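Below is one structure; the comments refer to it alone.
Any read-out appearing in this document is the output of simple, stated calculations on the displayed coordinates, not a laboratory observation. Quantities reported herein were computed from a predicted structural model and do not represent experimental measurements. Here the Cβ positions follow ideal geometry from the backbone for every residue, glycine too, while neighbour counts run over all protein chains shown.
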């Protein structure tokens, strides 16, 4: 018996992809493979965020079509006043239900995307250390992953194109810069964090800071 076709939206989750790419653990002499892995992870994170944000919307709105697509024997099947009133009421109710869900799904998707981005940055930092013997300093910052440092201890081996599949270091999903320091206060290697949805220290829920030393 043939296996059923995999649906386009059956995207492997983050843990599955990270487990898959763990077999590709590139040595320092293969920077292109490392950048390829970072690029694929970034694209997957965006696909997961989009899917989590909108996949349920069609299911939620499906009952509305039963109201709008009412059978009519009129020659010109326009909605009359009563039917139009029903549609407006249903739309108002659906908006009251859908909007909080949209906001909640968006926050959750962004929070998960930030975790994936931080793992990508951690992987790039690890490869930087393999090539150069140390992590970028606080002064050099995360820019050392996309531009060859010109201050501090200069890298002895910096690959063409850098360590990320990008020309600049990505901001977190809320548009803020990741905070980096090396050596770190919480880790002897480095500290990397995002301040979450509110952009402030501390917080709860999706406002909670994401910190490299606490990520699994």
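Tabulated results
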item: Radius of gyration, Dmax [region 87-216; alpha carbons; angstrom]; result: 18.7, 67
item: Distance (nanometres) between label positions extended 7 Å along Cα→Cβ at residue 204 and residue 93; result: 3.3 nm
item: Highest average packing first - 164-173, 189-198, Cβ atoms within 10 Å; result: 189-198, 164-173
item: Extension reserve of the residue 167-residue 126 stretch, reckoned as 0.36 nm per residue once the Cα distance is removed; result: 12.9 nm
item: Region 91-216, relative contact order [Cα under 8 Å, separation at least 6], %; result: 20 percent
item: Order by protection proxy (mean Cβ within 10 Å, highest first), peptides 174-187, 137-150, 110-123, 201-214; result: 110-123, 137-150, 174-187, 201-214
item: Computed E for residue 108/residue 186 - FRET, C-beta separation, R0 25 angstrom, nearest 0.05; result: 0.45
